[in-house]
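A short write-up of the structure that comes next.
The values are calculated or read from the model by the stated rules, or taken from the named source; none is laboratory data. Note that this is a predicted model, so its numbers are computed, not measured. In this analysis, Cβ positions are derived from the backbone assuming ideal geometry, glycine residues included, and neighbour counts consider all displayed protein chains.
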Amino acid sequence: MNREILLLAATCTFLASLPTAMANDVATTIEMVRVPGGCFQMGTATYEIHERPVHEVCVDSFEIGKYEVTQAQWQAVMDSKGSKFAACGDNCPVDQISWNQAQEFIHKLNAAGRGTFRLPTEAEWEYACRSGGKNEVWPGGVTAAYVYDVAWFDKEAAGNQTHPVGTKKPNGLGIHDMAGNVWEWVQDKFVTPYPTAVAKNPRIESGGEEKRVMRGGSWAQKLNYVRCGIRSRYEPEFVDHLGRVGMRVVREISH
């Protein structure tokens, strides 16, 4: 009997270690791009009213995922598909997850001890999208002519679905798919107009709505909705069954 108990305990310990082991493997496969800190003009003055006011924001250096979190990475950590377009393949972005589920994924990723991962703040996301706070409307430039080279968007052009990450050109920092493919959850609550009292590393957790912000647009959006300044929001438990919402992670840097 004692031997059976010991065997059962060993089996339970092994099974319990599997999620952490899987998360550890995934943490090592997430390619990161280092984003040097700096200050920039966040927001836009000529598009959606909730992108105003334009205001100066400063961020510390951080690392951001070179690609959106993929189906394979999600499956390994969460043991669930998280995608409408599962047939797109392992290297396609996870596309129907809630903000709450994104937090669970990050919690498991952090348990692996490979650094502190989290969702980007709105300020970090926009700063990275603009190739380090440059005056860019779309990731990598200010003209619309080349956007099809950097983004999967516009239903017909995208074939009404997601596509493997990294198949479009990157922005000026080498980050792919910040426009189109899937909307990306960020950390902040949705507040409009932008709060401007805090200019250093803003992280909005009070005021405004309880909804959480999404950035970047998706395969289903038109040109105006794949800009660096575009914002959308949903409840943290919202799951988009049309397959348009995923995530990208940030890893903190010790300063």
Checked the stretch 174-195 for anything β-branched (Val, Ile, Thr) and farther than 19 Å from Arg233 by Cβ; matches are Ile175
Determine whether the stretch 121-132 contains at least one residue that is outside any strand (DSSP E or B), of a type outside the set (S, T, N, Q) and over 19 Å from Arg215 (Cβ atoms).
-> no
The stretch 98-114: number of residues that are among the polar types (S, T, N, Q) and part of a loop (DSSP other than H, G, I, E, B) | 1
Given the conditions (1) within 21 Å of Glu56 (Cβ to Cβ); (2) without any contact (Cβ under 8 Å) to a residue 60 or more places away in the chain, and given that Lys168 satisfies all but one, which numbered condition is not satisfied?
-> (1)
Do we have Asn171 as of a type in the set (S, T, N, Q), more than 29 Å from Glu237 (Cα to Cα), more than 12 Å from the chain's Cα centre (by Cα) and surrounded by 16 or more Cβ atoms within 10 Å (Cβ to Cβ) here?
-> yes
Residue selected from the stretch 35-57 under the condition under 20 Å from the mean Cα position of the chain (by Cα) and part of a loop (DSSP other than H, G, I, E, B), by the criterion surrounded by the most Cβ atoms within 10 Å (Cβ to Cβ) | Gly43
Residue pairs qualifying under the 8 Å Cβ cut-off, at least six apart or on distinct chains, with the first in the stretch 25-36 being in contact (Cβ under 8 Å) with a residue 40 or more places away in the chain and the second being assigned to a strand (DSSP E or B) and among the acidic types (Asp, Glu), are Met32/Glu63; Val33/Glu63; Arg34/Glu63; Val35/Glu63
Just give me the residues in the stretch 205-255 being at positive phi and touching a Pro at 6+ places or on another chain (Cβ under 7 Å), in sequence order.
-> Gly207
Does the stretch 181-193 contain any residue that is under 18 Å from the mean Cα position of the chain (by Cα), on the phi > 0 side of the Ramachandran plot and not small (Gly, Ala, Ser)?
-> yes
Picking from Val226, Val182, Val191, Val198, which residue would you name as being modelled with pLDDT of 95 or more and closer than 14 Å to Val57 by Cβ?
-> Val191
Is at least one residue of the stretch 68-84 of a type in the set (D, E, K, R), in contact (Cβ under 8 Å) with a residue 24 or more places away in the chain, buried (at least 21 other Cβ atoms within 10 Å of the Cβ) and touching a strand residue (DSSP E or B) at 6+ places or on another chain (Cβ under 6 Å)?
-> yes
Do the conditions hold for Gln73, that is, is it within 21 Å of Gly166 (Cα to Cα), touching a Lys or Arg at 6+ places or on another chain (Cβ under 9 Å) and not acidic (Asp, Glu)?
-> no
Within the bounds of the stretch 110-129, is there any residue that is modelled with pLDDT under 95, touching a helix residue (DSSP H, G or I) at 6+ places or on another chain (Cβ under 8 Å) and among the hydrophobic types (A, V, I, L, M, F, W, C)?
-> yes
Would you be able to say whether some residue in the stretch 223-235 is in a loop (DSSP other than H, G, I, E, B), surrounded by fewer than 19 Cβ atoms within 10 Å (Cβ to Cβ) and without any contact (Cβ under 8 Å) to a residue 12 or more places away in the chain?
-> no
